[in-house]
Amino acid sequence: MESLTWQPRDPRTKLVSREALAELSCRLHATGKTIVTCNGSFDLFHYGHLYFLQTARAQGDVLIVGLNSDSSIKQYKDPRRPVVPQEQRWQILAALEIVDYVHIFDETVPMPFLEIVRPHVHVNGEEYGENCIEAPTVRAGGGKIVLVPKVAGLSTTALIARIKAL
């Protein structure tokens with residue numbers, strides 16, 4: 001049997017703590033890499049999530065995904081969410097080759113994450129607009145906002161509603 005030449009990167013090397021985030025950001029900025037960030041819950045991972053992440057990754061050299069923790073999702077979405085726990089959600093994201101790093105944050109908003117990373121580009125859903133809550137933080141760090149259109153009919157909330165209707 002022929003051995004594999006490609007070896008997947010250990011997903012644990014992609015998970016970055018708050019403490020390690022500043023050092024990672026400084027290192028990436030020093031190398032001149034274009035840093036791209038995005039954030040979200042990524043609950044019940046679906047094609048809309050994949051399309052969003054692929055579009056984000058195409059904006060630069062390194063993609064850092066900010067992932068809302070279980071506790072933050074319960075606070076800003078619904079106490080019954082997420083459906084998929086953060087331990088599984090971050091591993092799904094980290095298993096994707098297009099994702100370079102994942103950072104789990106407990107805040108209900110991503111601004112502390114963005115202040116540390118200082119991305120060149122922050123990607124957000126088109127439905128949030130150019131003046132999304134992340135925009136002042138991203139622009140203050142010298143970055144820009146790129147908006148991605150939503151894939152029609154695909155959201156975790158819509159999927160949950162469709163499943164309930166079965």
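Only a single item in (1) at pLDDT 95 or above; (2) crowded, with 20+ Cβ neighbours inside 10 Å is not met by GLU107, and it is number (2). One residue stands out among those in the range 2-19 that are surrounded by 10 or more Cβ atoms within 10 Å (Cβ to Cβ) and part of a loop (DSSP other than H, G, I, E, B): the one that is modelled with the lowest pLDDT, which is ARG9. Condition first: among the aliphatic types (A, V, I, L, M), farther than 15 Å from ILE116 by Cα, surrounded by fewer than 20 Cβ atoms within 10 Å (Cβ to Cβ) and out of contact with any helix residue (DSSP H, G or I) (no Cβ under 8 Å at 6 or more places or on another chain). Now tell me which residues in the range 27-77 satisfy that. Passing the criteria: LEU50, ALA58. Among the residues of the range 122-146, those that are buried (at least 16 other Cβ atoms within 10 Å of the Cβ), of a type in the set (A, V, I, L, M, F, W, C) and not in a loop (DSSP other than H, G, I, E, B) comprise VAL123, ALA135, VAL138, ILE145, VAL146.
Could you grab me the full set of residues in the range 63-119 that are within 22 Å of TYR47 (Cα to Cα), outside any helix (DSSP H, G or I) and in contact with a Ser or Thr (Cβ under 8 Å, 6 or more places away or on another chain)? Reasoning before the result, please.
The initial filter retains those residues of the range 63-119 that are within 22 Å of TYR47 (Cα to Cα), namely 63-70, 73, 77, 81-104.
From what's left, outside any helix (DSSP H, G or I): 63-69, 77, 81-85, 96-104.
Matches in the range 63-119: LEU63, ILE64, VAL65, GLY66, LEU67, ASN68, LYS77, ARG81, PRO82, VAL83, HIS103, ILE104.
Report, by residue number, each residue of the range 20-44 that is within 15 Å of the chain's Cα centre (by Cα), modelled with pLDDT of 95 or more and outside any helix (DSSP H, G or I).
Result: ILE35, VAL36, THR37, CYS38, ASN39, GLY40, SER41, PHE42.
The values are calculated or read from the model by the stated rules, or taken from the named source; none is laboratory data. Keep in mind it's a predicted model, so treat the numbers as computed, not measured. Note that we place each Cβ from the backbone using ideal geometry, even for glycine, and neighbour counts take in every protein chain shown.
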